[in-house]
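> Structure provided below as structure tokens; questions to follow.
The values are calculated or read from the model by the stated rules, or taken from the named source; none is laboratory data. Keep in mind it's a predicted model, so treat the numbers as computed, not measured. Quick reminder, even Gly has a Cβ in these numbers, built from the backbone with ideal geometry, and neighbours come from all protein chains shown. When the accessible area is computed, the model is the full protein with side chains, heavy atoms only, and any ligands, DNA or RNA have been set aside. Shrake-Rupley method; radii C 1.70, N 1.55, O 1.52, S 1.80 Å.
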Amino acid sequence: MRSLLSFFALVWAVAVSAISTTGDRLLVVLDDVADQSSYSKFLGDLTSSSPCPLSVLRYWPYRGFKLSFETPKSESLSLFHLGERAYDHVILFPSKSKGLGPNLTANLLLQFINANGNILLTLSSGSSTPSSIVSLLAELDIQLPADRTGLVVDHFNYDAASAADQHDVLLLPAPHSIRPDIKDFFGAGAGSDEVLVFPRGVGATLGSGELLMPIVRAPRTAYSYNPKEQGEVVDDLFAAGEQLALAAAFQARNSARFALVGSAELLEDAWFDAEVKTTSGQAAKTFNREFAKRLSGWAFQEIGVLRVNWIEHHLNEVGASNESNPGIYRIKNDVTYTISLSEWSWSSWSTFKVPANDGLQLEFSMLSPFHRLDLALDPSHSTAEAAAYTASFKLPDQHGIFNFKINYKRPFFTNVEEKNTVSVRHMAHDEWPRSYVISGAWPWITGIGATVAAWLAFCALWIYSAPVDQKKKGAKKL
């Protein structure tokens, strides 16, 4: 009986921990609360069960978000209560109104991000983007068409079954990493027969800011135009090809996250289990449900979250006390620095492995770095939930106030910024090496020894040499 209770307690503990690292309060803003039926699978995945890794139980609570539904003009809607966040995350679905009301202004949404809140924003070509959303995106250096609406089409990559005429349902390959040194959060494991369906969406252009990251770019043959301007030839294009970001991410300096999806229809039930047909006539399955899970998981900090477990620096010298994290060192000391990192992935902490083409670096700096070193994996201090990285080096021949600094900022990972300040003193009078150890001092030591020996010899000669007897000297003269 006791073992059975322990088993259920373990399952419950795992289930409770399987939520976002920043909280489980999720606000869903819909133009009409009844519209949630169109996104029942997506919203259900945020709260429903998932296959249990233990074969005894088929389902167990997985993501554990607590959803609250509101409309933009609701009087009870408020992102803050008594100066604190009322919600941890927000999903904004498209609205047909020109504005979102006084409770969802661009300024309030920015304050929400500055307060470590996360936002998932969806757009639609069927309605103009509200002015507050346009202002918010402009603050993040994300640009939409000037008329606040647009439609992305591609005459070479579309669903032949549902968009044979309009070509506005794009079939895209699963997203991949934008650089080889960046972890693939959104498309890893996608099947070769799976495609991402992007139906009737809006494309955006991204600025050059380091906080912006594209997730899905449009194919080279796609372009965006205003669907209200129907004509044989489209003269005024907003953007084309890979200039268009169909899904993008923004991570603030406080690691709060903002995700943009240009097609809210991508999250609808109809496209989660649909079968589409490529222009070549081949049937394909949709990757939308898994993509929606991963995108929302990243936006709500269920993946890509780094944690510093502990930091230690100490002397690495024979006979030294090797005290952990001392506040003062001496110049030219041999020092070892170690940091332990973990990565949160859906339901548990695991070891954080630095990508093969990347590096975790340590700076030992005053005003500018005196050392910049790559940290190597330390298996002796690593565990199943944390990886330790270490480096050993000699302190510079310069006394003053120094910092051990870790500044690791990579796309789609939360920022790691750690600074430990120490004092580095000069050598004490009794810590300098003896002169006989220094080979350059040997001529001087020899000279001193010769001078002392000569002086002693002179003194001995002076003392033990008797003066000449004057009487004997006079007798000899006679």
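> Starting from region 373-478, pick out the trypsin sites (Lys or Arg not before Pro) whose DSSP state is loop and whose Cβ has at most 12 other Cβ atoms within 10 Å.
For trypsin sites (Lys or Arg not before Pro) across region 373-478 that sit outside H, G, I, E and B with at most 12 neighbouring Cβ atoms in 10 Å, the list reads Arg434.
> Return the aspartates and glutamates within reach of Lys405: Cα separation strictly under 16 angstrom, same-chain partners fewer than 8 residues apart disregarded; answer none if there are no such residues.
Partners found: Glu312, Glu363, Asp374, Glu417, Glu418.
> Could you rank Leu456, Leu367, Leu306 by how accessible they are, 1.4 Å probe, largest area first?
Leu367, Leu456, Leu306
> Show me the GluC sites (Glu not before Pro) within region 297-337 that DSSP assigns to loop and that have at most 14 other Cβ atoms within 10 Å of their Cβ. It would help to have the intermediate numbers written out before the result.
Working: sites: Glu302, Glu312, Glu317, Glu323; in loops: Glu302, Glu317, Glu323.
For GluC sites (Glu not before Pro) across region 297-337 that sit outside H, G, I, E and B with at most 14 neighbouring Cβ atoms in 10 Å, the list reads Glu317, Glu323.
> Roughly how big is the chain's charge dipole about its Cα centre, with Cβ charges of +1 (Lys, Arg) and -1 (Asp, Glu), in debye to the nearest 20?
Here the chain has a charge dipole of around 3160 debye.
> Sticking with this one: In Å and on Cα atoms, what radius of gyration and Dmax does region 305-425 show?
14.8, 47
> Something else now. Assuming 0.36 nm per residue, please report the length gained on full extension of the stretch Lys409 to Ile331 beyond their Cα-Cα distance.
25.0 nm
> Quick check for region 19-301: number of Lys pairs with alpha-carbon distance under 13 Å, counting only pairs 8 or more apart or on different chains?
Within region 19-301, the lysine pair count is 4.
> Still on this structure, please answer the following. Check each of the chymotrypsin sites (Phe, Trp or Tyr not before Pro) in region 64-157 and keep only those in coil by DSSP with at most 14 other C-beta atoms within 10 angstrom; list them in order.
Here the chymotrypsin sites (Phe, Trp or Tyr not before Pro) that fit, given the DSSP loop and packing criteria, are Phe156.
> Taking the Cα atoms of region 364-478 alone, what are Rg (to one decimal) and Dmax (as a whole number) in Å?
Every Cα atom of region 364-478 included, Rg and Dmax give 33.3, 117 Å.
> Enter the Cα centre distance for the pair region 63-96 and region 234-285, rounded to the nearest angstrom.
For region 63-96 versus region 234-285, the Cα centre distance is 24 Å.
> Would you mind putting 159-171, 30-42, 334-346 in packing order, based on average other-beta-carbon counts within 10 Å, highest first?
Those peptides, ordered most packed to least, come out 334-346, 159-171, 30-42.
> Positive end of the charge dipole of region 305-425 (Lys, Arg +1 and Asp, Glu -1 on Cβ, about the Cα centre): tell me which of Leu377, His399, Asn322 has its Cα farthest that way.
Value computed over the given set: His399.
> Moving to a separate point now. Quick one: how many Å² of Phe458 are accessible to a 1.4 Å probe, rounded to 10?
In the full protein context, Phe458 sits at about 110 Å².
> Taking R0 as 30 Å, what's the FRET efficiency between Leu367 and Asn116 from their Cβ-Cβ distance, rounded to 0.05?
0.45
> What percent do you get for the relative contact order of the chain when only Cα pairs under 8 Å and 6+ apart count?
Relative CO of the chain lands at 12 percent.
> From Cα pairs below 8 angstrom and at least 6 apart in sequence, can you work out the relative contact order of region 19-301, rounded to a whole percent?
The normalised contact order for region 19-301 reaches 20 percent.
> Continuing with the same structure: So what is the calculated 222 nm ellipticity per residue for the chain, using -39500 (n - 2.57) for each DSSP H run with n of 4 or more, over all residues, to the nearest 500 deg cm²/dmol? Don't skip to the end; give the middle numbers.
Working: 7 runs with 85 residues, N = 478.
Helix-only estimate at 222 nm: -5500 deg cm²/dmol.
> Give me a comma-separated list of calculated 3J(HN,Hα) values for region 316-327, in order, Karplus coefficients 6.51, -1.76, 1.60 applied at θ = phi - 60°, integers in Hz, x for any Gly or Pro.
Using θ = phi - 60°, the values come out as 10, 10, 5, x, 7, 6, 6, 5, 6, 6, x, x Hz.
> Among [x] 0.99; [y] 0.94; [z] 1.30, find the value of Rg/Rh (Cα atoms, Kirkwood Rh) that was calculated from the structure presented, and write down its label.
[z]
> Each residue of region 150-155 in turn: what ³J(HN,Hα) in whole Hz from Karplus with 6.51, -1.76, 1.60 and θ = phi - 60°, glycine and Pro shown as x?
3J(HN,Hα) across region 150-155, in whole Hz: x, 9, 9, 10, 8, 7.
> Then there's this: For a Förster distance of 30 Å, can you work out the FRET efficiency between the beta-carbons of Glu229 and Asn107, rounded to the nearest 0.05?
0.40
> How much of the accessible area of the chain, probe 1.4 Å, is carbon plus sulfur, in whole percent?
With neighbouring chains kept in place, the figure for the chain is 55 percent.
> Follow-up question, since we're still on this one. Grab the Cα-Cα distance for Ser135 and Arg220, subtract it from 0.36 nm times how many residues apart they are, and report the gain in nm with one decimal.
Numbers: separation 85, 0.36 × 85 = 30.60 nm, distance 2.82 nm.
The Ser135-Arg220 span can extend by a further 27.8 nm.
> A follow-up question, please. Any chance you could run the full-extension gain for Trp442 through Leu82? It's 0.36 nm times the residue separation minus the Cα-Cα distance, nm to one decimal. Kindly include the intermediate steps, with their values, before the conclusion.
Working: separation 360, 0.36 × 360 = 129.60 nm, distance 7.62 nm.
Result: 122.0 nm gained on full extension.
> Follow-up. Accessible area per residue for the chain in Å², computed with a 1.4 Å probe and the full protein assembly in place, what is it?
Working: 25200 Å² over 478 residues.
Counting only protein heavy atoms, the per-residue value for the chain is 53 Å².
> Taking H placed 1.01 Å from N in the peptide plane, check which residues at least 5 places from Tyr223 or on another chain put their amide H under 5 Å from its amide H.
Val153, Gly241
> Measuring from centroid to centroid over Cα atoms, what is the spacing of region 427-465 and region 334-388 in Å?
Spelled out, the Cα-based centre of one part sits 52 Å from the other.
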